Amino acid sequence: MKISLSTGCLYVYPLRLIFAIAQRAGFDGIELVIGPEAEWRGGAYVRRLVEEFTLPVLSVHPPLL
């Protein structure tokens, strides 16, 4: 079983900080909520964060609103 951190629970923070928190807390990956920053920065940015923090996107969630 893998445990992921949803970016939706920390949506007020930048994605880079959420990835850093997840890595430091020992999560196996990220549940990416498609929020404004993910849409604005695009998939290439998220891919760079995945590589930088070695945390895969384990699931994708549609926008909350």
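Taking the longest Cα principal axis of the chain as reference, the axis of helix 15-25 is set at about 20 degrees.
Could you provide, to the nearest whole Å², the per residue accessible area of the chain with probe 1.4 Å? List each step's numbers first, then the result.
On the way: 4380 Å² over 65 residues.
That works out to 67 Å² per residue.
Just so you know, the Cα atoms of the chain work out to an Rg and Dmax of 10.5, 31 Å. Within the accessible surface of the chain, defined with a 1.4 Å probe on protein heavy atoms only, the carbon and sulfur portion equals 60 percent. Helix 43-53 and the long axis of the chain differ in direction by around 20°, with both axes built from C-alpha atoms.
Calculated [222 nm] ellipticity per residue, helices only, for the chain: -12500 deg cm²/dmol; basis is -39500 (n - 2.57) per DSSP H run with n ≥ 4, divided by all residues, nearest 500. Inter-part distance, the range 44-65 to the range 16-34, computed on C-alpha centroids, equals 8 Å. Inter-label distance, Tyr45 to Leu10: 1.7 nm, where each label sits 7 Å from its Cα along the C-beta direction. Using the Cβ of Leu17 as centre and a radius below 12 Å, the other residues enclosed give a net charge of +1, where K and R count +1 and D and E count -1.
The values are calculated or read from the model by the stated rules, or taken from the named source; none is laboratory data. All values derive from a computational prediction rather than experimental measurement. We place every Cβ from the backbone using ideal geometry, glycine too, and count neighbours over all the protein chains shown. Keep in mind that these areas ignore ligands, DNA and RNA; they rest on the heavy atoms of the full protein, side chains included. Shrake-Rupley method; radii C 1.70, N 1.55, O 1.52, S 1.80 Å.
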